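Here is the structure we will look at.
The values are calculated or read from the model by the stated rules, or taken from the named source; none is laboratory data. Computed from a predicted structure; not experimentally measured. Cβ atoms come from the backbone with ideal geometry, glycine included; neighbour counts cover every protein chain shown. Side chains are part of the model used for accessible areas, which takes the heavy atoms of the whole protein and leaves out ligands, DNA and RNA. Shrake-Rupley method; radii C 1.70, N 1.55, O 1.52, S 1.80 Å.
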Amino acid sequence: EGELTADSSTTVGSFIGGGGINTILASNSSTIAGGLVNQITGGGGSFIGGGQLNKITGLNSCISAGANNNIYGAYSAIGGGRYNEISGVDYGFIGGGYGNKVSGQYSYAFGHNALVASGHSGAAVLADGQDRTHTSSGENTLNLDFANGVYIGGGGALYVSGNPVLTGENNPAEA
């Protein structure tokens, strides 16, 4: 059964739909739809959809589902997966995957062990499934870390900082 562990004077307008041992404490207008041992504390307007052992400490954040996911900040979201964490920052996003960590403001990560390091605001890391850490390069950077390469289809050109990137057979200098 759902369990709302809070004094009504510190938690107003919150809801636990089902599951077991779920807790909302000192967090107004928050919801845990279901799952097991999920927790929202200290803030308000946060949501956990389901899963187990997920935790939000902060304002207006969301964990859709998964297990062992944690948000320690505000205005952040984790789509799903396992052992993902947004820590010490606001406006972080993890789309899903396993073992991803975002520690930079306005940053996001996807994949397996993608890491946006502390102080790397505006950074993004998209990682493959290899069991190694894929780390951000700095502020306002995008890291595409895939062991077998990155492919851009559709016949369109690739531009970096407004300049076309020429490679392979399309490079007149190599012809």
Report summary line: Per the filter on the range 79-111, residues more than 15 Å from Ala124 (Cβ to Cβ), modelled with pLDDT of 95 or more and touching a Ser or Thr at 6+ places or on another chain (Cβ under 9 Å) are Gly80, Glu85, Ser87, Asp90, Gly99
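Count, please, the residues in the range 98-112 that happen to be farther than 14 Å from Asn143 by Cβ and open to solvent by 30 Å² or more (accessible area, probe 1.4 Å). Before the answer, list the steps.
Of the range 98-112, the ones farther than 14 Å from Asn143 by Cβ are 98-99, 103, 105-106.
Narrowing the set further to residues that are open to solvent by 30 Å² or more (accessible area, probe 1.4 Å) leaves 98, 105-106.
Selection size over the range 98-112: 3.
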Query raised in the report: Mind checking which residues of the range 79-96 are open to solvent by less than 30 Å² (accessible area, probe 1.4 Å) and either part of a strand (DSSP E or B) or within 16 Å of Ala117 (Cβ to Cβ) (or both)?
Result: Asn84, Ile86, Val89, Gly92, Ile94, Gly95, Gly96
